[in-house]
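Below is one structure, written out as structure tokens; the observations come after it.
Values quoted throughout were computed directly from the atomic coordinates according to the rules given, and no laboratory measurement underlies them. Predicted model only: the values in this text are computed from it and were never measured. Note that each Cβ is placed from the backbone with ideal geometry, even for glycine, and that neighbours are counted across all protein chains shown.
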Amino acid sequence: MFVFIFFSSSNSLAADTSCASLFGVETNAFSESLRADFSFRDALPETLSSLVHWQPQWGKWGPHAIRFPKPDLPPQVDSVVWARHRVKVVAQKYIGLSYKHRHIPSLGGLDCSNFTAWVYNYGLGLKISSNVAVQALEAGRMLAPNDKFKMGDLLFQWNREGTQISHVVMYLENGKVIDSSTGGVQVRDWDGWRKYNFAWARRIIEE
């Protein structure tokens, strides 16, 4: 069962290893189930809007994504564990995608919050705001400062002045995050400016 709440505060780290330890190196069946419908989803239109002359019609950001259908969970799996691994493999699917201010990948890339919104939409059929400031306040539940990060959590960063949220990454495990920034979508270490400017984290996939 997924619980999707909405709210805002500050700091934490520590890899959540419970998901990985439950499956160790995942069984083939479990691993394959995470990707089983990718071909089906890739064949769906990314938007219901016409892409003919999209820039004059929609501006530089382009049209918004459709709401993808919720996935069918395989039998006899923990739905929370599956969902966390699901968003991880969906995010990794887009490694190398360019950083661009777009709402859908087919228009050339995604920026940070459009990437995290796309991952949850494509993977779980869950639409969250693609605006980083709104996402930081409304996507899921704000974690307490001492909560350990879990796979799929969204970690938000302040701008240099510390006056507004300017970036978001998705936590993977073992001190690794994935985001879309300079160089496009990549797995990166949770350190440097991302960690130094950390504001707060939000959890979308709840037990």
Please give the Cα centre distance for region 120-142 versus region 145-177, rounded to the nearest Å. 13 Å
Given the -39500 (n - 2.57) contribution per DSSP H run of 4+ residues, what per-residue ellipticity at 222 nm results for the chain, rounded to the nearest 500 deg cm²/dmol? -8500 deg cm²/dmol
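Determine, for THR182, THR116, the number of other Cβ atoms within 10 Å of each Cβ, and report the residues in order from fewest to most. Could the numbers behind the result be given before it?
Details: THR182 6, THR116 30.
Taking fewest neighbouring Cβ atoms as first place, the list is THR182, THR116.
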Below 8 Å, C-alpha to C-alpha, sequence gap of six or more: please give me the relative contact order for the chain in percent. 31 percent
Which is farthest toward the positive dipole end of the chain among ALA29, ALA83, TRP200, measuring Cα position about the Cα centre, with Cβ charges +1 (Lys, Arg) and -1 (Asp, Glu)? TRP200
Could you give each residue of region 113-119 its phi-based ³J(HN,Hα) in whole Hz, using Karplus coefficients 6.51, -1.76, 1.60 with θ = phi - 60°, and x for Gly or Pro? 7, 5, 5, 5, 5, 5, 4
Expressed as a whole percent, how much of the Cα-Cα distance distribution for the chain exceeds 28 Å? 24 percent
Give me, ordered by chain and number, the residues 5 or more places off VAL187 or on other chains with an amide H under 5 Å from its own placed amide H. none
Above-threshold pairs, the threshold being 27 Å between Cα atoms, out of LYS60/LYS150; LYS70/LYS93; LYS93/LYS150; LYS60/LYS148; LYS60/LYS176: LYS60/LYS150; LYS60/LYS148; LYS60/LYS176
For region 53-61, in order, what is each residue's ³J(HN,Hα) by Karplus, 6.51 cos²θ - 1.76 cosθ + 1.60 with θ = phi - 60°, in whole Hz (x at glycine and Pro)? 6, 5, 5, x, 7, 10, x, 5, 7
Counting sequence-distant residues (5 or more places) and residues on other chains, those with an amide H built under 5 Å from that of GLY140 are ILE5
